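Only one structure is covered here, and it is reproduced in the block below.
The values are calculated or read from the model by the stated rules, or taken from the named source; none is laboratory data. As the structure is a prediction and not an experimental result, all values here were calculated from the model. For neighbour counting, all protein chains shown are included, and Cβ atoms are generated from backbone atoms with ideal geometry for every residue, glycine included.
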There are 2 protein chains.
Amino acid sequence: MALQAGKGLLLKADPIAAAFREEVKLGLSKTSRRPRLVGILATSSAPSKFYAEFTRKQCEDLGVEFILKKTGAADTGDLGEGEGVEEAIIEANEDANIDGIMVYYPIFGVQQDHYLQQVVSPYKDVEGLHFKFHYNLYHNIRFIEPQSLLTSTVPSAASAGVVESEEPPPGTVKSIIPCTPLAIVKCLEHVGVYNKILPYGDRAYGRTITVINRSEVVGRPLAALLANDGARVFSVDIDSIQEYTKRPQGGADTSQRRYHPRHVVHPSNASLQECLAISDVVVSAVPTASYKVKTAWLKDGCVCVNVAADKNFESDVRDKASMYIPAVGKVTILMLLRNLLRLQQYKAVN
Amino acid sequence: MALQAGKGLLLKADPIAAAFREEVKLGLSKTSRRPRLVGILATSSAPSKFYAEFTRKQCEDLGVEFILKKTGAADTGDLGEGEGVEEAIIEANEDANIDGIMVYYPIFGVQQDHYLQQVVSPYKDVEGLHFKFHYNLYHNIRFIEPQSLLTSTVPSAASAGVVESEEPPPGTVKSIIPCTPLAIVKCLEHVGVYNKILPYGDRAYGRTITVINRSEVVGRPLAALLANDGARVFSVDIDSIQEYTKRPQGGADTSQRRYHPRHVVHPSNASLQECLAISDVVVSAVPTASYKVKTAWLKDGCVCVNVAADKNFESDVRDKASMYIPAVGKVTILMLLRNLLRLQQYKAVN
């Protein structure tokens, strides 16, 4: 933690990850069988290959069995990019000795990749990318019956948003949350953006957060998670800005402190500059090396989190930010392993 | 059918649709209750509004009850584009009096729209956009147990591609096929691209077909359907060309006439010009008004099918094409109504 005079704090993910390492280790010590994770690498992409090796190292350090399955252009043969990936997923779905499946995306592009994400059995979906988990997240359905993972239909919307405690009611378990958005929430909890004095389920109340990117993998689920936890969120995409909030907008009577059971999305007329000017937290996940959030537009003392592979913040970001988290990958992998342990338990229940 | 000297045939969809109108009418006369279809319109898009009115008219003509549910920017209030669409889907899922749901896309863009397509109950998915139906299509699984629609897991890949008859084996029903790709197949059957003398499941054998567009809604499922039916298909997208085929490639021994139970995808080094030069059929579905397939590149006597809202073929296409089908929408809507009747039956089975 290099703190220069007049500069905000540069916060690496390691100390944030540390607590979860201990949690995962403890969880592993209690399992009757070491969980087995399969990573499926189907492209020649260097970042995917790097991430696969990173997964292996993290698994080995913690005692999770990791098997890297190479296919397509990642394999030694002369297969094309992505060839065989669907077959590899189906094989892992049907193999009772496999507890979790992760696939190194992108492979074919967002549409076909989204299709592949539905082919992974929800019981083995450690990344939390199956639409059932997204549905639960968007609807603020935090607890589910484990056998509901077997059905193609979604839980009734009537069960959405009823959050009274962090502990699942009897007969239910926690839904799986997509790793990357969850890792970002955990980082924000760590740095105090979430206030533990507030009731569970509303601990980001009072915070204004800008999330730049509205993909189904990172930006939209993150904005929904934060708004379901009480924050006022601006979701910024290339062609629009939306506001996600549980609370009544504008002049509505807030004296009762009542709010919707889950976030509601409204179109916003604010510009990015106007959003940033009032944001306590800025999360950016734009997959474009040249994209930079202007330091000049940040609110003094805000918290900035970069999620993109290339840095989305200018090098002087800490002239304005009180804290800057340049990467969250080390927390993401622990969320994935935590999901692995949970899914292993959920399967055992059935 | 205006046949000018030296020009190919201009074939409107009406005569192709006619046979299916009779089939749907007959099906309707046998139902104990008139099926009820909900159309969900959530944007201010003029083509979507037009298509909704078209659906209504077709339903009324045939005796299907159609309810248009407007929300978001389509509603009279001041909601944003797409607002309320997910809630409208969930409500229709849970309403036992609704037999089918169609949603007028695009709404939010491909990623979020793909999410919405999974929220529609498979039992009411008359458009066939749920990933379970796509999975069956890609794996050439033509017959399913109706109750399998209730599960989140996919059928074993081992059951793929076993096609011996058009009739579903006892205890099974036909899987639902996405309307637009199916309508195109029906058009190609009508004009003799499919050869009924060949065995069922291989009737496009011997045909070379170029499909321009590889979206998950039209191009990829269409290429897979045609290849599963025996055709050699070039799937052309903005950044790559792939070959879909059930048969061994290149110098492999074909004397046994053996083939894969379903299509296999290979990268192709051919250019679009090279593909078109050998294609008996060209289907184009590029959603860009300026995109045109060059008539000069077409094989003399080929069949051309335009699926895009804007015409993807040059005005002189019939100088080379023996037949040109400028639009398939009238067949698509009948495929949708056929799916509605089938799903009503499948529900009754459970």
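I need the full set of residues from the stretch B:194-213 which are assigned to a loop (DSSP other than H, G, I, E, B), over 13 Å from B:GLY230 (Cα atoms) and not hydrophobic (A, V, I, L, M, F, W, C), in order please. Can you show your working first?
Restricting attention to the stretch B:194-213, the residues satisfying the condition of being assigned to a loop (DSSP other than H, G, I, E, B) are B:194-207, B:213.
Then drop every residue that is not over 13 Å from B:GLY230 (Cα atoms), which leaves B:197, B:213.
Answer for the stretch B:194-213, where residues must be assigned to a loop (DSSP other than H, G, I, E, B), over 13 Å from B:GLY230 (Cα atoms) and not hydrophobic (A, V, I, L, M, F, W, C): just B:ASN213.
Going by the structure shown, is B:ARG220 assigned to a loop (DSSP other than H, G, I, E, B) and touching a strand residue (DSSP E or B) at 6+ places or on another chain (Cβ under 8 Å)? So that I can check it myself, show each step before the final result.
On the way: assigned to a loop (DSSP other than H, G, I, E, B): no; touching a strand residue (DSSP E or B) at 6+ places or on another chain (Cβ under 8 Å): yes.
In short, no.
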A:ASP14: passes all of (1) within 18 Å of the chain's Cα centre (by Cα); (2) crowded, with 18+ Cβ neighbours inside 10 Å; (3) charged (D, E, K, R) but (2)
Which of the residues that make up the stretch A:324-350 are closer than 15 Å to A:CYS187 by Cβ, surrounded by fewer than 23 Cβ atoms within 10 Å (Cβ to Cβ) and of a type in the set (A, V, I, L, M, F, W, C)?
-> A:ALA327
Out of the stretch A:61-82, which residues are under 23 Å from A:LYS330 (Cα atoms) and in contact (Cβ under 8 Å) with a residue 40 or more places away in the chain?
-> A:LEU62, A:VAL64
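Residue by residue, here is whether (1) under 20 Å from B:ASN136 (Cα atoms); (2) basic (Lys, Arg); (3) at pLDDT below 95; (4) assigned by TED's automatic domain parsing to the domain that holds A:PRO261 holds:
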position: A:ARG56; (1), (2), (3), (4): no, yes, no, no
position: A:LYS69; (1), (2), (3), (4): no, yes, no, no
position: A:LEU79; (1), (2), (3), (4): no, no, yes, no
position: A:TYR105; (1), (2), (3), (4): no, no, no, no
position: A:TYR115; (1), (2), (3), (4): yes, no, no, no
position: A:GLN118; (1), (2), (3), (4): yes, no, no, no
position: A:HIS134; (1), (2), (3), (4): no, no, no, no
position: A:ASN140; (1), (2), (3), (4): no, no, yes, no
Return a yes/no flag: does the stretch B:145-152 have any residue that is buried (at least 22 other Cβ atoms within 10 Å of the Cβ), of a type in the set (A, V, I, L, M), in contact with a Leu (Cβ under 7 Å, 6 or more places away or on another chain) and not in a loop (DSSP other than H, G, I, E, B).
-> no
So is A:ILE141 part of a loop (DSSP other than H, G, I, E, B), more than 7 Å from chain B (Cβ to nearest Cβ), touching a Lys or Arg at 6+ places or on another chain (Cβ under 7 Å) and among the β-branched types (Val, Ile, Thr) or not?
-> no
Just give me the residues in the stretch A:303-323 being hydroxyl-bearing (Ser, Thr, Tyr) and within 21 Å of A:GLU189 (Cα to Cα), in sequence order.
-> A:SER322
If you scan the stretch A:298-340, which residues turn out to be in a helix (DSSP H, G or I) and either more than 17 Å from the chain's Cα centre (by Cα) or among the basic types (Lys, Arg) (or both)?
-> A:VAL317, A:ARG318, A:ASP319, A:LYS330, A:ARG338
For residues that are within 9 Å of chain A (Cβ to nearest Cβ) and in contact (Cβ under 8 Å) with a residue 40 or more places away in the chain, tally how many sit in the stretch B:83-107.
-> 1
Which numbered condition trips up A:SER290, out of (1) modelled with pLDDT of 95 or more; (2) surrounded by fewer than 24 Cβ atoms within 10 Å (Cβ to Cβ); (3) in contact with a strand residue (DSSP E or B) (Cβ under 6 Å, 6 or more places away or on another chain)?
-> (3)
Enumeration of residues in the stretch A:90-131 that are in contact with a Lys or Arg (Cβ under 9 Å, 6 or more places away or on another chain), assigned to a helix (DSSP H, G or I) and among the hydrophobic types (A, V, I, L, M, F, W, C) = A:ALA92
Please verify whether the stretch A:64-82 includes one or more residues that are of a type in the set (Asp, Glu), in contact with a Pro (Cβ under 9 Å, 6 or more places away or on another chain) and over 27 Å from A:ASP310 (Cβ atoms).
-> yes
Please go through the stretch B:223-245 and pick out each residue that is outside any helix (DSSP H, G or I) and crowded, with 24+ Cβ neighbours inside 10 Å.
-> B:ASP229, B:ALA231, B:VAL233, B:PHE234, B:SER235, B:VAL236, B:TYR244
Quick check: is even one residue across the stretch A:309-324 touching a residue at least 12 places away in the same chain (Cβ under 8 Å), more than 28 Å from A:HIS139 (Cβ to Cβ), acidic (Asp, Glu) and in contact with a strand residue (DSSP E or B) (Cβ under 9 Å, 6 or more places away or on another chain)?
-> yes
Just checking, how many residues over the stretch A:341-350 are touching a helix residue (DSSP H, G or I) at 6+ places or on another chain (Cβ under 8 Å), in a helix (DSSP H, G or I) and not hydroxyl-bearing (Ser, Thr, Tyr)?
-> 4
Every residue from the stretch A:260-289 that is more than 19 Å from the chain's Cα centre (by Cα) and within 22 Å of A:ILE325 (Cα to Cα) = A:LEU272, A:GLN273, A:CYS275, A:LEU276, A:ALA277, A:ILE278, A:SER279, A:ASP280, A:THR288, A:ALA289
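Within the stretch A:58-72, does at least one residue satisfy the condition of being in contact with a Ser or Thr (Cβ under 7 Å, 6 or more places away or on another chain), assigned to a strand (DSSP E or B) and of a type outside the set (Val, Ile, Thr)? Show your work before the answer.
Step one: filter the stretch A:58-72 for residues in contact with a Ser or Thr (Cβ under 7 Å, 6 or more places away or on another chain), giving A:66, A:72.
After this cut, where a residue has to be assigned to a strand (DSSP E or B) as well, the list is A:66.
Now narrow it down to the ones that are of a type outside the set (Val, Ile, Thr): A:66.
Yes, the stretch A:58-72 contains at least one residue that is in contact with a Ser or Thr (Cβ under 7 Å, 6 or more places away or on another chain), assigned to a strand (DSSP E or B) and of a type outside the set (Val, Ile, Thr).
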Of the conditions (1) among the aliphatic types (A, V, I, L, M); (2) touching a helix residue (DSSP H, G or I) at 6+ places or on another chain (Cβ under 7 Å); (3) at the interface with another protein chain (Cβ under 8 Å from one of its Cβ atoms), B:LEU150 fails just one. Which one is it?
-> (2)
List every residue pair whose Cβ atoms lie under 7 Å apart, where the two residues are 6 or more positions apart in sequence or sit on different chains, the first residue falls within the stretch A:108-134 and is within 12 Å of B:GLN111 (Cα to Cα), and the second residue, located anywhere, is of a type in the set (Val, Ile, Thr) and at pLDDT 95 or above.
-> A:ASP113/A:ILE107
